[in-house]
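Trainee: Right, I'll just put the structure down here and ask away after.
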Amino acid sequence: MKHIVLTGASSGIGAATARKLAADGHRMSLGARRVERLTEVAPDAFRHALDVTDEASVETFLAAATAANGPIDVLINNAGLARGTETILGATGEAWREMVETNVMGVLHVTRRVLPQMVERGSGQVVMIGSIAGHETYEGGSVYCGTKRMLQSITQALRYETLGHGIRVTSVDPGMVDTEFSVVRFRGDEARAASVYDGMTPLAGEDIADVISFVISQPPHVNLDTIVVMPTDQASPKRVHRRTT
Ligand code: NDP
Ligand code: 8X3
């Protein structure tokens with residue numbers, strides 16, 4: 001059983017993954033800003049406040065996780081967000097910074113601090129939560145899609161840079177998953193968020209948790225590279241089949 005560090009475990013894909021991997025028997029270290037939520041998610045897991053945009057918070061979280069659960073076998077970079085759907089012309093720039101700081105800089109801050117112990121032990125696994133938004137962009141998504149596209153380059157470079165060190169690097173890239181993602185994107189507008197899934201059946205966080213569990217359960221010589229997973233009702237970010245009532 002492995003020590004798995006999971007960022008953004010307070011909601012959605014992260015919460016479902018924390019539950020699934022804890023049920024699989026792994027030692028979980030969970031982080032999020034809303035740390036109080038983590039108790040409900042996985043009461044037996046190690047839980048600690050984490051803001052991936054704050055390097056001091058990342059240091060404290062990882063030191064506490066290692067002290068509690070030992071060397072880290074698997075890092076799951078899940079924390080992330082989209083904020084708004086403004087066009088480049090219509091944006092102020094504040095949300096761009098938040099997305100880049102969280103989805104790109106946050107992943108880099110955490111990963112670079114976990115890697116040394118994996119290199120030293122000659123084994124480890126890093127799982128990125130990318131998105132189909134990194135594969136195909138859309139109007140109003142320039143920076144969110146851009147952060148997920150950048151994650152693809154970071155993931156690939158990481159695979160090249162760690163080659164020979166027994167470290168596996170996988171990107172799990174979902175389509176529409178019914179989580180708090182759209183509520184966050186629409187700044188708390190629950191009705192607008194719910195309408196994203198009108199007439200179609202989205203994935204649930206549990207569907208992605210099952211994929212991650214599969215990735216982690218492969219033998220050490222098997223590295224799954226990129227897994228794109230969408231609902232049956234979706235073929236691309238904007239190609240969604242909706243049933244009319
Ligand atoms: P949720 O909003 O439900 O969950 C996002 C998680 O990220 C929360 O636990 C949140 O915790 C955490 N988080 C956000 N900012 C930070 C931060 N600065 N530091 C630490 N944790 C942070 O959305 P999802 O579960 O859907 O999103 C998870 C990942 O999946 C994201 O990377 C997203 O881009 C990706 N994704 C989502 C899709 C979807 O359709 N839902 C599709 C494709 C990819 P807290 O606020 O407590 O800090
Ligand atoms: C979330 C999927 O299509 O809303 O990453 O960008 S999408």
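Where a number appears in this text, it was derived from the coordinates with a stated rule and is not lab data. Treat the numbers as computed from the prediction; the structure is a model and nothing was measured. Reconstructed Cβ throughout: ideal geometry from the backbone, glycine too, with neighbour counts over all protein chains shown.
Trainee: Using the Karplus curve 6.51 cos²θ - 1.76 cosθ + 1.60 with θ = phi - 60°, what ³J(HN,Hα) values do you get for each residue of segment 17-26, in whole Hz, with x for Gly and Pro?
Mentor: After applying 6.51 cos²θ - 1.76 cosθ + 1.60, I find 5, 4, 5, 5, 6, 5, 5, 6, x, 7 Hz.
Trainee: Would you grab the residues whose amide H sits under 5 Å from the one on ASP173? Only those 5+ places off in sequence or on another chain, please, with H modelled 1.01 Å from N.
Mentor: Counting only residues 5 or more places away or on other chains, the set is GLY130, ILE227, VAL228, VAL229.
Trainee: Within 10 Å, count the other beta carbons around each residue, average over each peptide in 118-128, 85-95, and list them highest first.
Mentor: 118-128, 85-95
Trainee: Hand me the chymotrypsin sites (Phe, Trp or Tyr not before Pro) from segment 42-151 located in a DSSP loop with no more than 16 other Cβ atoms within 10 Å, in residue order please.
Mentor: Listed in order of number, the matching sites are TYR138.
Trainee: Show the residues, 5+ positions off or on another chain, whose built amide H is closer than 5 Å to the amide H of GLY140.
Mentor: ILE88
Trainee: Have a look at VAL35, VAL169, VAL114 and tell me which one the Gaussian network model of the chain (Cα, springs below 10 Å) gives the largest fluctuation.
Mentor: VAL35
Trainee: Okay, helix-only estimate at 222 nm for the chain: each DSSP H run of n ≥ 4 adds -39500 (n - 2.57), divide by all residues, round to 500 deg cm²/dmol; what do you get?
Mentor: -12000 deg cm²/dmol
Trainee: Using amide H atoms built in the peptide plane, which far-off residues or other-chain residues are under 5 Å from VAL126 H to H?
Mentor: HN-HN under 5 Å from VAL126: LEU75, ARG168, VAL169, THR170.
Trainee: Can you give the angle from 0 to 90° between the axis of helix 205-216 and the longest principal axis of the chain, with both taken from C-alpha atoms, to the nearest 10?
Mentor: Once rounded, one gets 30 degrees.
Trainee: Run through segment 144-245 and list the trypsin sites (Lys or Arg not before Pro) located in a DSSP loop whose Cβ has at most 13 other Cβ atoms within 10 Å.
Mentor: For trypsin sites (Lys or Arg not before Pro) across segment 144-245 that sit outside H, G, I, E and B with at most 13 neighbouring Cβ atoms in 10 Å, the list reads ARG187, LYS238, ARG242, ARG243.
Trainee: Reachable aspartates and glutamates from LYS2, Cα under 19 Å, same-chain residues fewer than 8 places away excluded?
Mentor: Hits, sequence-local ones excluded: ASP24, ASP44, ASP73, GLU120, ASP210.
Trainee: D for segment 3-229, whole µm²/s, Stokes-Einstein with Kirkwood Rh over alpha-carbon pairs at 4 °C and 1.567 mPa s: what number?
Mentor: 73
Trainee: Could you please report the charge total around LYS2, scoring K, R as +1 and D, E as -1 over all other residues with beta-carbon less than 15 angstrom from its beta-carbon?
Mentor: +2
Trainee: How much of the DSSP bridge set in the chain is antiparallel, in percent, rounded to the nearest 5?
Mentor: Around 5 percent antiparallel, to the nearest 5.
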